[in-house]
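The structure under discussion appears below in the form of structure tokens.
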């Protein structure tokens, strides 16, 4: 049985003529125990998709099921077995850390003790602040508390909507490590993120853009399927260099990435590119051949 | 039941954790009940009167003395020119001009008849109206006392006269506070019921916690009861404080029984809480909720018979008041507090309020959706 199955989901907001098409027919499958990433820029439809799967929103077309239960007909069963962590911190800011956790445990008819083993690794980090009001926690702490609250009823599927947005890079690494641990406890995880570098952490990723799925695959396969060559260029006048690269016929796409500007070519046309660039940057042009990363693949796909 | 218990526990925790809300809940009745009844008084006092005395006689002075001695009027001008007095009205220094003609005393003695002229500043309609009426009463009083002074009345009146003696039932001294305090108490309860409940739920919408609750197996009626019960209890506590204050500060002890008041208030709170829930299901931000409840509250208060009598409203307005729960509660409060009405007397009110409670809550539950 699949953890999540979405079949041709469509969602429009607003009236017919001026409707915003949030989802334009999304289909994917998540295997039990999988860490599945939904990668997409802001406004690509990630949150709408999550709200449909967590029974908060009705899709206009298409069907979806979570743990084998239909999101429309069997919403009651789904609510018993999913954990949802919305993108925006939404716990009671005027209740303490312990009170929030206790509240969410009790409304699922369970207790903190019963499922403590599941949240222990996360909760021990915020336990020193157990009497502090949730609204007064730092960003990383809030996120850990929210994850604890989403886990306290031992859900079989965990939905995390942009859990790492606005979190520092150390906390982000920690967070992904926590998700890996949860995965070993048999929880299927669906996580969305706008950060492409996080895709490599997932078992499988779906790339979303403007309500469409561009690709679904494992990160390794996505990188392997990249055809073309990719070079990094740098020179003193980086802005000028980027505009130049974008203007060349040989270059399919060019975008800044770290200290280089990455240029993607369908086939290796480095000599001809170099000869053209050398005219403007005779002294300081540097180039390096790069192995494509998952970000490069996404940039190529989203073009 | 267990879920409900935890929802209530959480709700009370939040309420008691917010000291400013708690203070407001308990300060509001105290302040409103201590201040408003003194200010919201219909008796018009301090009507500014300017007299144009063109006669300057013994009689005209007597008349002016009588008017100022009544306590309702404040003599702001005493001149001989009507034009000058009118200027005072224009400058908003006077509300009323009384003109005494040059031949006042002469005509009164000789002709037995004299005409006075009165000009009213009708910008403040109530003041002009009542000021004019007071003045008329004082003048006719003066008139009869002058007559009594002059003539030895015959043993039997040549013309039959009808004299009216009135007695004010249920509020013999026509004490305004007896009338206002129960009404203000009703407004307080309405504000707590409709406003607090609505804003509380909309706040959960704003901070997103309602979504978190919605993905849990918590049932709709659990959630709604979890919101209703705490504010119902707070409402009853506020009512108790209000009744205590009206007893201690104004000496108002209901002629009827407290049980009747509490029974009706219990039902009434249910109805206004339903209204609050309904508002919260339409509003998505606290600002919207505030605006809607402010709008509703204005209509409820001004069309509730607190300040103006419903019987003197035009017929269409009277129809609107029939859909105003505040009007029923104000009426019941006055009936029980002043007249001592019991359950049998307010049976219809109880039934109507029950209908309000059922339909408002029904609508609210129906329109509250766990998903959109």
(request) Sort out which residues of region B:112-129 are surrounded by fewer than 17 Cβ atoms within 10 Å (Cβ to Cβ), at pLDDT 80 or above and more than 19 Å from residue B:62 (Cα to Cα), and write them in order of number. (result) B:122, B:123, B:129
(request) Check region A:166-186 and report whether any residue there is part of a strand (DSSP E or B), in contact with a strand residue (DSSP E or B) (Cβ under 7 Å, 6 or more places away or on another chain) and over 18 Å from residue A:91 (Cβ atoms). (result) no
(request) Only residues that are at the interface with another protein chain (Cβ under 8 Å from one of its Cβ atoms), within 26 Å of residue A:165 (Cβ to Cβ), in contact with a strand residue (DSSP E or B) (Cβ under 9 Å, 6 or more places away or on another chain) and surrounded by 16 or more Cβ atoms within 10 Å (Cβ to Cβ): list them for region A:67-91, please. (result) A:82, A:84, A:86
(request) For residue A:63, state whether it is touching a residue at least 12 places away in the same chain (Cβ under 8 Å), assigned by TED's automatic domain parsing to the domain that holds residue A:213 and more than 17 Å from residue B:215 (Cα to Cα). (result) yes
(request) Tally the residues that are out of contact with any helix residue (DSSP H, G or I) (no Cβ under 8 Å at 6 or more places or on another chain) and not in a helix (DSSP H, G or I), restricting the search to region A:83-113. (result) 3
(message) Can you find, within region A:92-104, the residue that is farthest from residue A:55 (Cα to Cα) among those that are touching a residue at least 40 places away in the same chain (Cβ under 8 Å) and more than 8 Å from every other protein chain (Cβ to nearest Cβ)?
(response) A:97
(request) Go over the candidates B:22, B:7, B:63 one by one and state the one that is within 14 Å of another protein chain (Cβ to nearest Cβ), buried (at least 18 other Cβ atoms within 10 Å of the Cβ) and assigned to a helix (DSSP H, G or I). (result) B:7
(message) Here is a list: B:48, B:56, B:13. Which entry is at pLDDT 85 or above, in contact with a helix residue (DSSP H, G or I) (Cβ under 8 Å, 6 or more places away or on another chain) and either within 14 Å of chain A (Cβ to nearest Cβ) or not in a helix (DSSP H, G or I) (or both)?
(response) B:13
(request) Tally the residues that are touching a residue at least 12 places away in the same chain (Cβ under 8 Å) and under 15 Å from residue B:47 (Cα atoms), restricting the search to region B:98-122. (result) 5
(request) Identify the single condition in (1) over 30 Å from residue B:179 (Cβ atoms); (2) away from chain A (no Cβ under 14 Å); (3) touching a residue at least 12 places away in the same chain (Cβ under 8 Å) that residue B:91 does not satisfy, given that it satisfies every other one. (result) (3)
(message) Could you go through region B:194-206 and let me know if any residue there is outside any helix (DSSP H, G or I), within 14 Å of chain A (Cβ to nearest Cβ) and either more than 19 Å from the chain's Cα centre (by Cα) or at pLDDT below 80 (or both).
(response) no
(request) Would you check if residue B:317 is within 25 Å of residue B:280 (Cβ to Cβ) and assigned to a helix (DSSP H, G or I)? (result) no
(message) Contact list please: Cβ distance under 9 Å, first residue in region B:214-230 and away from every other protein chain (no Cβ under 12 Å), second residue modelled with pLDDT under 90 and in a loop (DSSP other than H, G, I, E, B), pairs at least six apart or on different chains.
(response) B:224/B:368
(request) Kindly indicate the residue of region A:47-66 that is crowded, with 23+ Cβ neighbours inside 10 Å and more than 13 Å from every other protein chain (Cβ to nearest Cβ) and also nearest to the chain's Cα centre (by Cα) among those meeting that condition. (result) A:49
(message) I'm checking my understanding of the structure. Among residues of region B:31-45 that are surrounded by fewer than 15 Cβ atoms within 10 Å (Cβ to Cβ) and part of a helix (DSSP H, G or I), which one is nearest to the other protein chains (Cβ to nearest Cβ)?
(response) B:31
(message) Looking at the structure I just gave you, is residue B:329 away from chain A (no Cβ under 14 Å), closer than 28 Å to residue B:171 by Cβ and at pLDDT 85 or above?
(response) yes
(request) Give the residues of region A:1-15 that are farther than 14 Å from residue A:64 by Cβ and not in a loop (DSSP other than H, G, I, E, B), sorted by residue number. (result) A:12, A:13
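Quick grid of which residues meet (1) over 25 Å from residue B:203 (Cα atoms); (2) buried (at least 22 other Cβ atoms within 10 Å of the Cβ); (3) under 21 Å from the mean Cα position of the chain (by Cα):
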{"site": "B:233", "(1), (2), (3)": "no, no, no"}
{"site": "B:282", "(1), (2), (3)": "no, no, no"}
{"site": "B:294", "(1), (2), (3)": "no, no, yes"}
{"site": "B:300", "(1), (2), (3)": "no, yes, yes"}
{"site": "B:319", "(1), (2), (3)": "yes, no, yes"}
{"site": "B:326", "(1), (2), (3)": "yes, yes, yes"}
{"site": "B:329", "(1), (2), (3)": "yes, yes, yes"}
(request) Could you grab me the full set of residues in region A:238-257 that are in a loop (DSSP other than H, G, I, E, B) and without any contact (Cβ under 8 Å) to a residue 12 or more places away in the chain? (result) A:249
(message) Being in contact with a strand residue (DSSP E or B) (Cβ under 6 Å, 6 or more places away or on another chain), in a helix (DSSP H, G or I) and modelled with pLDDT of 85 or more: is that true of residue B:68 here?
(response) yes
(request) Within region A:105-155, track down each residue that is surrounded by fewer than 18 Cβ atoms within 10 Å (Cβ to Cβ), in contact with a strand residue (DSSP E or B) (Cβ under 8 Å, 6 or more places away or on another chain) and in contact (Cβ under 8 Å) with a residue 60 or more places away in the chain. (result) none
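The values are calculated or read from the model by the stated rules, or taken from the named source; none is laboratory data. Just so it is clear, the model here is predicted, and its values are computed rather than measured. Here Cβ is always computed from backbone atoms with ideal geometry, including for glycine, and neighbour counts include all displayed protein chains.
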